[in-house]
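Next up is a structure, given as structure tokens.
The values are calculated or read from the model by the stated rules, or taken from the named source; none is laboratory data. Here the structure is a predicted model, which means the values were calculated and not measured. A quick note on method: Cβ atoms are made from the backbone with ideal geometry, for glycine too, and the neighbour counts reach across all protein chains shown.
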Amino acid sequence: MPGSGKSEVARVFEKHGFKKVRFGDVTDQELARTGLETNEANERYVRQQLRKEHGMAAYARLNLPRIDSSLESSDVVVDGLYSWEEYLLLKEHYGGRFASVLVWSSPATRYRRLAGRATRPLTLEEAAGRDRSEIDNSNKGGPIAMADFSILNEASLEDMRQQTEAVISALR
């Protein structure tokens with residue numbers, strides 16, 4: 001979910017030699033292409049339009065070339081898998097080479113983080129609205145339920161880093 005620490009976990013993976021593919025880059029590129037301002041309402045609109053045009057696996061489908069290209073030289077961490085359909089596409093495409101990691105934080109913790117972030121901060125209402133939209137419209141429960149690994153990110157960055165490094169060790 002937004003604010004759980006996915007990007008922080010991805011940074012730890014990057015420090016261990018993984019290349020990062022951030023699914024949200026597709027949204028950012030579409031906002032820039034269309035000249036829309038970067039805000040929660042426009043981001044939600046773009047996400048919905050991309051899924052309407054490309055299906056619920058849109059972000060995985062649109063990022064497969066970046067993932068495949070990156071895999072030619074290193075392992076890859078994907079930041080921002082959202083839908084069950086994305087999960088299924090990646091699982092089918094990569095088979096046993098694909099593992100998913102749940103990064104979980106409570107709503108209160110996530111909303112505090114989202115309000116304080118330097119880039120794309122969200123108000124409490126925007127954060128709660130995004131949660132509702134992602135749960136209602138993105139089939140987000142499946143990837144959460146089927147995660148191969150879980151990181152509970154309620155404490156310090158150091159605790160999160162240690163949990164992430166344990167996952168990396170288990171993957172190698």
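Please go through the stretch 155-168 and give me each residue that is among the acidic types (Asp, Glu) and surrounded by 14 or more Cβ atoms within 10 Å (Cβ to Cβ), ordered by number.
Glu165
Using beta carbons and a limit of 6 Å, which pairs, at least six apart or on different chains, have the first residue in the stretch 97-126 and within 20 Å of Gln163 (Cα to Cα) and in contact (Cβ under 8 Å) with a residue 24 or more places away in the chain and the second one assigned to a strand (DSSP E or B) and not basic (Lys, Arg)?
Filtered contacts from the stretch 97-126: Val101/Phe149; Leu102/Ser150; Val103/Ile151; Trp104/Leu152.
Give me the pairs, please: first residue somewhere in the stretch 10-31 and without any contact (Cβ under 8 Å) to a residue 40 or more places away in the chain, second residue anywhere and part of a loop (DSSP other than H, G, I, E, B), beta-carbon distance under 6 Å, and either six or more positions apart or on two chains.
These pairs meet every condition: Leu31/Thr38.
Sort out which residues of the stretch 145-172 are in contact (Cβ under 8 Å) with a residue 60 or more places away in the chain and outside any loop (DSSP other than H, G, I, E, B), and write them in order of number.
Ile151, Leu157, Met160, Arg161, Thr164, Glu165, Val167, Ile168, Leu171
Also, I was wondering about something else. Which ones in the stretch 115-131 are in a loop (DSSP other than H, G, I, E, B) and of a type in the set (Gly, Ala, Ser)?
To start, the set of residues in the stretch 115-131 that are in a loop (DSSP other than H, G, I, E, B) comprises 117-123.
Ala118 - this is the single residue of the stretch 115-131 that is in a loop (DSSP other than H, G, I, E, B) and of a type in the set (Gly, Ala, Ser).
From the set of residues in the stretch 61-83 that are of a type in the set (Gly, Ala, Ser) and over 19 Å from Ser133 (Cα atoms), which is farthest from the chain's Cα centre (by Cα)? Please lay out each step first, then the result.
Of all residues in the stretch 61-83, those of a type in the set (Gly, Ala, Ser) come to 69-70, 73-74, 80, 83.
Among the residues that remain, those that are also over 19 Å from Ser133 (Cα atoms) are: 69-70, 73-74.
Working: Ser69: 19, Ser70: 17, Ser73: 22, Ser74: 19 Å.
My answer is Ser73.
Please work out if Glu53 is within 25 Å of Gly142 (Cα to Cα), acidic (Asp, Glu) and either part of a loop (DSSP other than H, G, I, E, B) or more than 17 Å from the chain's Cα centre (by Cα) (or both).
Values: within 25 Å of Gly142 (Cα to Cα): yes; acidic (Asp, Glu): yes; either part of a loop (DSSP other than H, G, I, E, B) or more than 17 Å from the chain's Cα centre (by Cα) (or both): yes.
So Glu53 fits the description; yes.
In the stretch 32-42, which residues are farther than 19 Å from Arg61 by Cβ and outside any loop (DSSP other than H, G, I, E, B)?
Ala32, Thr34, Glu40, Ala41, Asn42
Being at pLDDT below 95, surrounded by 15 or more Cβ atoms within 10 Å (Cβ to Cβ) and closer than 19 Å to Phe149 by Cα narrows it down to one of Gly24, Gly3, Gly96, so name that one.
Values: Gly24 fails: closer than 19 Å to Phe149 by Cα; Gly96 fails: surrounded by 15 or more Cβ atoms within 10 Å (Cβ to Cβ).
Going through Gly24, Gly3, Gly96 in turn, just one is at pLDDT below 95, surrounded by 15 or more Cβ atoms within 10 Å (Cβ to Cβ) and closer than 19 Å to Phe149 by Cα: Gly3.
Would you confirm whether or not the stretch 132-141 contains a residue that is in a helix (DSSP H, G or I), within 23 Å of Arg11 (Cα to Cα), of a type in the set (A, V, I, L, M, F, W, C) and out of contact with any strand residue (DSSP E or B) (no Cβ under 9 Å at 6 or more places or on another chain)?
No; the residues of the stretch 132-141 include none that is in a helix (DSSP H, G or I), within 23 Å of Arg11 (Cα to Cα), of a type in the set (A, V, I, L, M, F, W, C) and out of contact with any strand residue (DSSP E or B) (no Cβ under 9 Å at 6 or more places or on another chain).
Right, Tyr59: of a type in the set (Phe, Trp, Tyr), assigned to a helix (DSSP H, G or I) and modelled with pLDDT of 95 or more or not?
So Tyr59 fits the description; yes.
Follow-up. Out of Glu14, Glu8, I need the residue that is in a helix (DSSP H, G or I), within 12 Å of the chain's Cα centre (by Cα) and farther than 15 Å from Tyr82 by Cβ. Which one?
On the way: Glu14 fails: within 12 Å of the chain's Cα centre (by Cα).
Result: Glu8 is the single residue among Glu14, Glu8 that is in a helix (DSSP H, G or I), within 12 Å of the chain's Cα centre (by Cα) and farther than 15 Å from Tyr82 by Cβ.
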